[in-house]
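Written out below as structure tokens is the structure these notes cover.
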Amino acid sequence: MSEVNLDAFWMPYTANREFKAKPRMIVGAEGAYYVTSDQRRVFDGLSGLWTTGAGHNRPEIADAVARQLRTLDYAPAFQFGHPLAFELAERVVSLAPEGLDHAFFVNSGSECTDTATKIARAYWRVSGQSSKTKIIGRAKGYHGASWGAISFGGIPGNRKLWGQGVDSDHLGHTLIAGNEFTRGQPQFGEELADELEQVIGLHDASNVAAVIVEPISGSAGVIVPPVGYLKRLREICDRHQVLLIFDEVITAFGRIGNWFAASEFGVTPDLLNVAKQLTNGAIPLGAVLVTGEIYDAFMAAGGPEYAIELPHGYTYSGHPVACAAAMASLDILEQEGLIDRVREMTPGFESRIHELKGAPHVTDIRNFGFAAGLTLAPYPEEPLRRPFEVAMHCWRNGYYVRYGGDTIQLGLPFITEEAEIDALVNAIGEALTEN
Ligand SMILES: Cc1ncc(COP(=O)(O)O)c(C=O)c1O
């Protein structure tokens, strides 16, 4: 490959100096593997960024995108429509838990966060309770990089540079002592949800619009909710007339062996955010699903019929090419039974990944579906170094895993074979031993 000048591109969420000194360049992909610029095959242990569960370069998606580009490459998103956006909205809400009847399209998880929380605040306003504006997030939460997302998110490194954000408060996280090395859902910690009662009480429910949580925290290292915790959040929200938003940008469409975490845990939020796996990562697209009650409140309060009920949206909301990619990717999930496949293979992955208990530096392992997180003991004064070194070791040996904070994160492609799980776990074990 000819030399590329790396200087101009300021890379996102990247240690630019380190990367540009030792670039890790990906030039191709197929199935569960990347091809690097030095022609190595690297197993994609995070499905891209939790995006590409069905595997890379799916011809069905490529064909659908190419067809769409030749039929209708773009249509104005405001005040005009194209059929595919309506078809996709209907399809997505038909897969979602009952009651989530409408989809608002966006381009990313961050835009989901802003959109869902703007809808929540506006909902209370059009319902005559305009003082309900505060949004409650959670420590260790990740909802993206927009002003809203960093305000409601709870990862300190993503918050500290920016000063005042959007009005918010936070619940504590659920990563508690005593639950280490739990397989699947922890038994202890349901009562942590009661903190919501106090936070709402502190601000008074008349000032609180919504709570936003990832049912399973992804970026903080796969933190699985204790049994009963989400149900309790739902009950407290109901008691105080506070909307519940689930950020399922990682968990929706198969990652956990179900279409949605809401379905898996039997808790239906008022708003539910999806992105990433919706198009298998091929084209940016997200959606905020909302209940009929929320949608109807806007329609009822909309004024004359020609007036816009929700002055919000993006140039690329419901982009025809993204919708085509989403339709093809949902077809793949359905036709290949990939979500059942994840469910069936979860016990095998679970027992293999937990074999790393006892490996050097490993202080906790968590898993659900095809997601797992390992917490590593830090070097003194250098909490971020060990996961970086472990991940680089894996990369050199043909395995891409994510490192973030004091964790290593895995999000297997749904098409992963058992032998690949074995090889990945062995590679991580070796990296832990040597770093
Ligand atoms: C749960 C969750 N929400 C939101 C986002 C932000 O998505 P994006 O990077 O597409 O804005 C992410 C990204 O990883 C995420 O994991």
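Residue check: is R24 more than 22 Å from the chain's Cα centre (by Cα) and within 21 Å of Y400 (Cβ to Cβ)? For R24, the condition - more than 22 Å from the chain's Cα centre (by Cα) and within 21 Å of Y400 (Cβ to Cβ) - is met. Taken as a whole, the condition of being closer than 24 Å to G404 by Cβ and not in a strand (DSSP E or B) applies to T251. If the condition is being more than 13 Å from the chain's Cα centre (by Cα) and assigned to a loop (DSSP other than H, G, I, E, B), then the range 260-283 contributes G266, V267, T268, P269, D270, A282, I283. Of all residues in the range 315-350 being farther than 30 Å from Y74 by Cα and in contact with a Lys or Arg (Cβ under 8 Å, 6 or more places away or on another chain), which is surrounded by the fewest Cβ atoms within 10 Å (Cβ to Cβ)? Looking at residues that are farther than 30 Å from Y74 by Cα and in contact with a Lys or Arg (Cβ under 8 Å, 6 or more places away or on another chain), I get E350.
Of all the criteria given as (1) out of contact with any strand residue (DSSP E or B) (no Cβ under 8 Å at 6 or more places or on another chain); (2) under 23 Å from P387 (Cβ atoms), the one not satisfied by Y142 is (1).
Within the range 243-277, restricting attention to residues that are among the β-branched types (V, I, T) and within 17 Å of S217 (Cβ to Cβ), which residue is surrounded by the fewest Cβ atoms within 10 Å (Cβ to Cβ)?
Filtering first and then ranking leaves V267.
When restricted to residues that are free of Cβ contacts under 8 Å to residues at least 60 places away in the same chain and of a type outside the set (A, V, I, L, M, F, W, C), the range 180-197 contains 8. Applying the criterion of at least 2 residues that are outside the structural domain of S329 (by TED's automatic domain parsing), within 16 Å of the ligand (Cβ to nearest atom) and surrounded by 22 or more Cβ atoms within 10 Å (Cβ to Cβ) to the helices (runs of 4 or more DSSP H) found wholly in the range 14-132 leaves 47-50.
Filter the range 133-151 down to residues that are in a helix (DSSP H, G or I) and away from the ligand (no atom under 11 Å from the Cβ) and give me whichever is surrounded by the fewest Cβ atoms within 10 Å (Cβ to Cβ). Checking each candidate, the answer is W147. Looking at the range 375-388, can you tell me whether even one residue there is more than 16 Å from S219 (Cα to Cα) and among the β-branched types (V, I, T)? No, every residue in the range 375-388 fails to be more than 16 Å from S219 (Cα to Cα) and among the β-branched types (V, I, T). Whenever a residue of the range 34-58 is of a type in the set (K, R), its partners that are outside any helix (DSSP H, G or I) and crowded, with 23+ Cβ neighbours inside 10 Å, lying with C-beta atoms within less than 8 angstrom and at least six residues away or across chains, give the pairs R58/N280; R58/A282. On the basis of being in contact (Cβ under 8 Å) with a residue 24 or more places away in the chain, of a type in the set (V, I, T) and buried (at least 24 other Cβ atoms within 10 Å of the Cβ), does V227 make the cut? Considered against the rule, which asks whether it is in contact (Cβ under 8 Å) with a residue 24 or more places away in the chain, of a type in the set (V, I, T) and buried (at least 24 other Cβ atoms within 10 Å of the Cβ), V227 comes out as no. Among the residues of the range 152-162, the one identified as within 23 Å of E197 (Cβ to Cβ), assigned to a loop (DSSP other than H, G, I, E, B) and within 11 Å of the ligand (Cβ to nearest atom) is G153. Select from the range 201-248 the residues that are outside any helix (DSSP H, G or I) and of a type in the set (S, T, Y) and write down the one among them that is farthest from the ligand (Cβ to nearest atom). Of everything passing the filter in the range 201-248, S217 is farthest from the ligand (Cβ to nearest atom). The residue list E180, E191, E195 contains one member that is out of contact with any helix residue (DSSP H, G or I) (no Cβ under 9 Å at 6 or more places or on another chain) and either surrounded by fewer than 15 Cβ atoms within 10 Å (Cβ to Cβ) or outside any loop (DSSP other than H, G, I, E, B) (or both), which is E195. Restricting attention to the range 201-219, the residues that are buried (at least 24 other Cβ atoms within 10 Å of the Cβ) and small (G, A, S) add up to 5.
The values are calculated or read from the model by the stated rules, or taken from the named source; none is laboratory data. Since the structure is predicted, the reported quantities are computational estimates derived from the model, not experimental observations. Ideal geometry is used to build each Cβ from the backbone, glycine not excepted, and the neighbour counts take in all protein chains shown.
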